[in-house]
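> My questions all concern the structure below.
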Amino acid sequence: MRIVTKKAKNFLRQIPTRDEDLFCCLFEAAENASRGKRRTVDQARFMKRHKENIEILANDIINRQYKPSRSKAFIIHKPVIREIFAATFRDRVVHHFLYGIVAPWWNVRFIRDSYSCQEGKGNLDGVARMQKYMRQAIEENYRKTGRKKAWIVQEDIKGFFMSLNREMLFKMAVEGLDKQFPKKGWLYETCKYLWKEIIFDEPTKGVRRCGKRSDWNDLPKRKSLFGQPKGQGIVIGNLTSQLLSNICLNYLDVYVTRTLGIKRYGRYVDDFYMVLTEEEYEKLMPELREKIGVKLGELGLELHPAKEYIQPVSHGANFLGWKVFPYRKLPSERLIRNFRESARLVAAGEVDEETIISHMGMLRHGDTKKVVYRVFNNNGWRYKY
């Protein structure tokens with residue numbers, strides 16, 4: 001039985017119930033889409049004549065004429081090579097509007113240890129929870145066996161965003177709407193319409209590629225929307241895509257935590273872990289990967305064959321940019337590498353000091369004094385700790 005202990009928090013000040021409310025709600029969504037983001041030409045152009053643009057957008061939604069605009073596609077190489085489809089600001093307003101309506105209902109139904117794209121549950125919270133579970137498992141195992149030992153199992157889903165079936169996602173999204181709005185009505189129909197337009201949009205049609213086509217040469221075909229069959233794959237990065245990923249994998253979360261009974265479990269997008277005592281390890285491990293694989297198969301997904309990590313928690317685990325141990329956490333090699341590069345660029349005068357300050361803000365949450373000292377010393381700076 002599911003027990004909801006937290007009340008859904010609205011992300012919009014006003015929840016629309018009729019056509020006349022739509023303009024104000026879209027204006028608030030535009031403010032949310034702008035908040036904390038770097039200003040772009042597209043954003044500035046939209047907001048310069050925001051009343052007119054929002055009125056046109058509202059009428060398009062009311063008359064069921066809204067269609068997602070064409071995106072810009074480009075390749076990034078940090079932290080890993082990845083294909084990005086950047087939505088126009090107009091579409092981002094729609095994403096924030098829809099997210100503001102449906103996400104509060106979904107968020108209280110996700111498990112506590114689903115960390116991606118949820119308020120108050122970011123990287124640092126995910127790392128802290130993993131540490132807590134490591135300590136819990138060690139203590140429980142010590143009470144039963146007298147040994148301070150526990151295991152951590154980490155899994156990854158192969159080509160997650162590119163493998164998602166859009167028909168399945170739309171069905172899940174509508175099932176949520178059916179429960180959120182049992183009496184249907186105006187808002188139900190509007191959200192259903194927007195979900196359909198967003199999920200079934202073909203982002204590769206009419207897309208404008210930025211950079212050279214050769215930028216895609218190093219990207220595996222399975223990681224590109226250009227290489228997927230019709231009706232499969234969604235763009236990475238859109239607010240609605242993050243929500244859809246959580247909606248989809250909530251079925252896995254519930255299965256692992258309730259059906260399999262694994263108490264110490266956490267997931268960030270398609271990376272998830274399980275912390276097990278020795279007793280749980282011996283009982284579950286022989287068939288654990290197979291059972292999870294079957295459940296993912298029902299969603300059209302599969303575990304990555306080369307990305308399973310099983311080791312004692314005393315050896316630590318890489319998660320969300322940190323090397324996590326039961327009683328300490330160290331920065332990952334990637335985090336250290338990025339910090340060194342930022343320090344080099346600041347020392348050379350190529351970027352301002354804010355770049356390295358942001359890294360320092362992250363590093364202060366772990367055992368990083370020696371790392372910071374070495375980087376500062378290599379650049380001729382003084383660091384006292």
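> Identify the trypsin sites (Lys or Arg not before Pro) of segment 115-154 meeting these criteria: DSSP loop state and at most 16 other C-beta atoms within 10 Å of the C-beta. Don't jump to the answer; show the numbers that get you there.
Numbers: sites: Lys121, Arg129, Lys132, Arg135, Arg143, Lys144, Arg147, Lys148, Lys149; in loops: Lys121, Arg147, Lys148, Lys149.
Those that pass, being in a loop and sparsely packed, are Arg147, Lys148, Lys149.
> When only Cα pairs under 8 Å and 6 or more residues apart are kept, what is the percent relative contact order across the chain?
Values: 480 pairs, mean separation 81.0, N = 385.
In percent, rounded to a whole number, it is 21.
> Using Cα pairs under 8 angstrom and six or more residues apart, how large is the relative contact order of segment 330-378, in percent?
On the way: 21 pairs, mean separation 23.9, N = 49.
So the answer I get is 49 percent.
> Would you mind giving the average projected area, over all directions, of the Cα convex hull of segment 168-268 in nm² with one decimal? Intermediate values should be presented prior to the final figure.
On the way: hull surface 36.6 nm².
It is 9.2 nm².
> Can I ask one more? Mind putting a number on the dipole of the chain about its Cα centre? Charges go on the C-beta only, +1 for Lys and Arg and -1 for Asp and Glu, and I need it in Debye to the nearest 20. Present the calculation step by step, with values, prior to reporting the outcome.
Numbers: 72 positive and 46 negative charges, 169 e Å.
Dipole of the chain, to the nearest 20 debye: 820 debye.
> Still on this structure, please answer the following. Go ahead and estimate [θ] at 222 nm for the chain from helices alone: -39,500 (n - 2.57) per DSSP H run with n ≥ 4, summed, over the residue count, rounded to 500. Please report the intermediate quantities before stating the final value.
On the way: 13 runs with 181 residues, N = 385.
So the helix-based figure for the chain works out to -15000 deg cm²/dmol.
> Still on this structure, I have one more. Once you have the Kirkwood Rh of segment 228-354 from its Cα pairs, apply Stokes-Einstein at 25 °C and 0.890 mPa s and quote D in µm²/s.
D = 139 µm²/s.
> Determine, from the Cβ-Cβ distance of Phe200 and Arg82 and an R0 of 35 Å, the FRET efficiency 1/(1 + (r/R0)^6), rounded to the nearest 0.05.
Numbers: r = 23 Å, r/R0 = 0.66.
Calculated value: 0.90.
> What list of whole percents do you get for P(r) of segment 247-305, with Cα-Cα distances grouped in 10 Å bins up to the one holding the largest distance?
21, 61, 18, 1
> Please build a GNM for the chain, connecting alpha carbons under 10 Å apart, and tell me which residue among Val41, Val127, Val372 fluctuates the most.
Val41
> To continue, here is another question. Using only the alpha carbons, work out the radius of gyration and Dmax of segment 1-136 in angstrom.
18.2, 56
> Quick one: Debye curve from the C-alpha atoms of segment 330-378, no solvent, what's log10 I(q)/I(0) at q = 0.20 Å⁻¹?
-0.60
> Another question, then. With label points built 7 Å along Cα→Cβ from the Cα atoms of Glu189 and Trp105, find their separation and express it in nm.
Rounded to a tenth, the inter-label distance reads 1.6 nm.
> Additional query: Say each of Asp352 and Leu219 gets a label point 7 Å from the Cα, pointing the same way as Cα to Cβ; how far apart are those two points in nm?
About 3.1 nm, to one decimal.
> Additional query: How much of the calculated P(r) for the chain lies past 33 Å, in percent of all Cα pairs? List each step's numbers first, then the result.
Working: 29832 of 73920 pairs.
Counting pairs separated by more than 33 Å, the tail of P(r) holds 40 percent.
> With N set to the number of residues, divide the alpha-carbon radius of gyration of segment 143-194 by 2.2 N^0.38 Å and report two decimals.
On the way: Rg = 20.8 Å, N = 52, 2.2 N^0.38 = 9.9 Å.
Normalised Rg, Cα atoms only: 2.11.
> Which three extents, in whole angstrom, do the alpha-carbon atoms of segment 44-92 cover along their principal axes, largest first?
40, 25, 13 Å, listed from the longest principal axis down.
> Something else now. Grab the beta carbon distance between Glu302 and Asn59, set R0 = 35 Å, and tell me the FRET efficiency rounded to 0.05. Could the numbers behind the result be given before it?
Values: r = 44 Å, r/R0 = 1.25.
Given R0 = 35 Å and the Cβ-Cβ separation, E is 0.20.
> How far apart, in nm, are two points set 7 Å out from the Cα along the Cα-to-Cβ line at Thr40 and at Met168?
2.9 nm
> With both partners inside the chain, how many of the DSSP beta bridges are antiparallel, as a percent to the nearest 5? Display every interim value, and only then the final one.
Values: 27 of 30 bridges.
Expressed as a percentage, antiparallel bridges in the chain total about 90.
Read-outs: derived from the displayed coordinates by stated rules, not from any lab. Note that the coordinates shown come from a computational prediction; the quantities given were computed from them, not determined experimentally. Cβ sites come from the backbone with ideal geometry, for glycine too, and all protein chains shown count toward neighbours.
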